[in-house]
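Everything below concerns the one structure shown next.
The values are calculated or read from the model by the stated rules, or taken from the named source; none is laboratory data. Note that this is a predicted model, so its numbers are computed, not measured. As a convention, Cβ positions derive from the backbone with ideal geometry for all residues, glycine included, and neighbour counts pool all protein chains shown. Just the protein is used for accessible areas: all its heavy atoms, side chains included, with ligands, DNA and RNA removed. Shrake-Rupley method; radii C 1.70, N 1.55, O 1.52, S 1.80 Å.
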Amino acid sequence: MHLPGMKRSEPDQPPVNIPTVVLTVHEDGILTATLDGAPLTPPHWAPPWRRESFPQVIDQASNDRTRTIRVEVREADGSVFTDLITARPRRALPEPEPAVEAKPTPGLPVFHQIEGDGFVPGEDVAVAIITGHTDAAHTGTARTLIDPTNPIPDQAAEQIEVLLLGRISGATVIRRLP
């Protein structure tokens, strides 16, 4: 019950409890460690800790720096040093990069062989890729438009035809690429 003029008492906050690591450096350089009074030992396969093992001891005592610890170092000459090793902020896992379709690596070009008969031995044979088809007019004249920036329209690229034309014999061979 709250009476006028009386202060409300706030519940006591629990005291902060920071684990304490005590590192004792001996004359021979061997290091012994305790965590809140309990022995902290190196892995069973590892040699005894030495002064240079300090980072491994800290990592083990702080769960790889995920919790803050108080460190007290007692040197062989009687001097004592203390420090707080704060936990590193947890890093959020990076967002996975969107999957990118792997582009085929440029390999060796694929060659197609086109053959035809009826040519004069040694004659010059013109080779042309057919870019499309048109109809002849009633006069027998054929006409088409060619886009020089894209001579093979997309629909023609799916079914490419090749024309071999003998310059002397007039032999004509048309073959579709596989």
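Report whether or not Pro48 is in contact with a Phe, Trp or Tyr (Cβ under 7 Å, 6 or more places away or on another chain), part of a loop (DSSP other than H, G, I, E, B) and either open to solvent by less than 50 Å² (accessible area, probe 1.4 Å) or more than 17 Å from Pro89 (Cα to Cα) (or both). In short, no. Number of residues in segment 117-161 that are modelled with pLDDT of 85 or more, in a loop (DSSP other than H, G, I, E, B) and surrounded by 10 or more Cβ atoms within 10 Å (Cβ to Cβ) equals 5. All conditions but one from (1) within 21 Å of Glu27 (Cβ to Cβ); (2) open to solvent by 40 Å² or more (accessible area, probe 1.4 Å); (3) hydrophobic (A, V, I, L, M, F, W, C) apply to Ala38; the one that does not is (1). The set of residues in segment 67-100 that are open to solvent by 80 Å² or more (accessible area, probe 1.4 Å), β-branched (Val, Ile, Thr) and either assigned to a loop (DSSP other than H, G, I, E, B) or at positive phi (or both) comprises Thr86, Val100.
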